[in-house]
Amino acid sequence: MRFFHSSARLSAPSRATCDRLRTTRFLLNPLAIHAFNPGPITGAGNWTWLLPGRVSTLIDAGTGDPRHIDALERALAGERLAQVLVTHAHADHASGAPAMAERMPGVQFRKMPWPDRDLKWPVSWQPLADGEVVSAGDTSLVTVHTPGHAPDHVCFWHEETRTLLCGDLAVKGTTVWIPSSLKGDLSDYLASLERVLRLNPQRLLPAHGPVINEPHKLLRAYIAHKLEREAQVLDALGRGDTNPDAIVARVYAGLKESLAPMARENVVSHLVKLAREGRATSDDNGWRLINPISL
Ligand SMILES: [Zn+2]
């Protein structure tokens with residue numbers, strides 16, 4: 001496996017993982033290409049995944065950093081990129097589309113529509129639908145709608161190697177942000193984790209961090225963590241906290257101030273889920289439990 005990035009600090013997907021993928025009958029042969037976009041939200045930055053072959057395909061567009069597109073061209077070694085499949089419309093995955101379109105005319109850009117948001121990255125987006133089979137590289141991938149982190153979030157499933165190109169569904173070493181103000185939805189996210197578990201994947205190729213070789217362990221830990229957090233939010237409401245900031249202060253004790261807005265989004269996503277389930281409600285006085293006994 002080749003990597004195209006500039007920093008040794010990055011947690012690179014392992015060579016062994018990708019060698020195993022090569023020995024299968026249906027070649028996946030993914031190449032990790034770094035998007036050169038480290039930052040407070042992206043951590044070390046994004047991986048994009050190139051599947052070279054008959055239909056050379058890139059998973060995620062990055063942010064348009066010229067070093068990313070240079071690395072992509074080097075990896076293509078003279079082949080033409082046919083398409084970019086985008087996992088969701090967050091900027092670190094989709095905003096590079098226009099720059100890529102300019103450097104590589106004729107490339108198709110495909111994603112599940114999120115019309116308001118897609119307009120921010122003006123290319124001719126072709127729609128992808130849940131269950132749609134897409135030729136990619138020398139094989140094909142199934143589009144799996146996995147909303148929660150974002151309403152348009154999809155993963156791409158390679159049945160033959162039981163590999164899921166998972167976007168932001170999972171990031172080893174941390175949990176996934178559910179931004180309620182950007183149509184993140186915790187109930188949807190938990191359902192998406194269950195859906196992916198039912199696929200019985202052997203490995204996840206994420207957009208951040210290293211390859212995930214024990215997906216069941218991580219995804220089950222995510223579900224347990226969210227339920228634990230939910231219990232903490234219920235407890236905070238039971239103790240009289242009425243707004244997300246108070247709940248953040250109680251539940252995320254010792255949190256760095258810069259991370260508070262993200263924690264607040266997570267807490268709101270819990271409150272929205274509890275309201276939907278009839279366990280909490282809000283009015284002019286803030287949030288409260290509907291039936292404290294149900295605690
Ligand atoms: Zn995202």
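Things worth noting here:
- Ordering 165, 289 from the fewest to the most neighbouring beta carbons within 10 Å gives 289, 165.
- Reach of residue 226 by Cα under 26 Å, taken over lysines that are not fewer than 8 positions away in the same chain: 172, 183, 217, 256, 273
- Residue order, fewest to most surrounding Cβ atoms within 10 angstrom, among 112, 104: 104, 112
- Most mobile listed residue (35, 77, 236) in the chain, GNM with C-alpha springs under 10 Å: 77
- Summarising the label geometry, the points placed 7 Å from Cα in the beta-carbon direction at residue 216 and residue 172 lie 1.8 nm from one another.
- Highest-fluctuation residue, 48, 163, 281 considered, GNM on the chain with Cα pairs under 10 Å: 281
- Relative contact order for the stretch 116-220: 23 percent, from Cα pairs under 8 Å spaced at least 6 residues apart, divided by residue count.
- Listed residues 131, 219, 252: farthest to the positive end of the dipole of the chain (Cβ charges): 219
- Summed over qualifying helices (DSSP H, 4 residues or more, each -39500 (n - 2.57)) and divided by its residue number, the chain shows a 222 nm mean residue ellipticity of -10000 deg cm²/dmol.
- The chain, relative contact order [Cα under 8 Å, separation at least 6], %: 13 percent
- Inter-label distance, residue 243 to residue 197: 3.6 nm, where each label sits 7 Å from its Cα along the C-beta direction.
- Local net charge near residue 42, Cβ-Cβ under 13 Å (Lys/Arg +1, Asp/Glu -1): -4
- Net length gained if the chain between residue 138 and residue 257 were fully extended (0.36 nm per residue, minus Cα distance): 38.2 nm
- Lys, Arg +1 and Asp, Glu -1 on Cβ, resulting dipole of the stretch 229-294 about Cα centre, debye, nearest 20: 180 debye
- Within the stretch 123-164, backbone nitrogen closer than 18 Å to the virtual label 7 Å beyond the Cα of residue 102 toward Cβ: 123-125
- Evaluated with a Cβ-only charge set (Lys, Arg +1; Asp, Glu -1), the chain carries a dipole of roughly 780 debye about its Cα centre, given to the nearest 20.
- Exposure proxy ranking, count of Cβ atoms within 10 Å, fewest first, for 138, 60: 138, 60
- Averaging the sequence gap over all C-alpha pairs within less than 8 Å and six or more residues apart, then dividing by the number of residues, gives the stretch 229-294 a relative contact order of 36 percent.
Computed from the coordinates by the stated procedures, all read-outs in this text should not be read as laboratory data. The shown structure was predicted, so the numbers you read here are calculated from the model rather than taken from an experiment. Cβ coordinates were reconstructed from backbone atoms using ideal geometry, including for glycine residues, and neighbour counts include every protein chain displayed.
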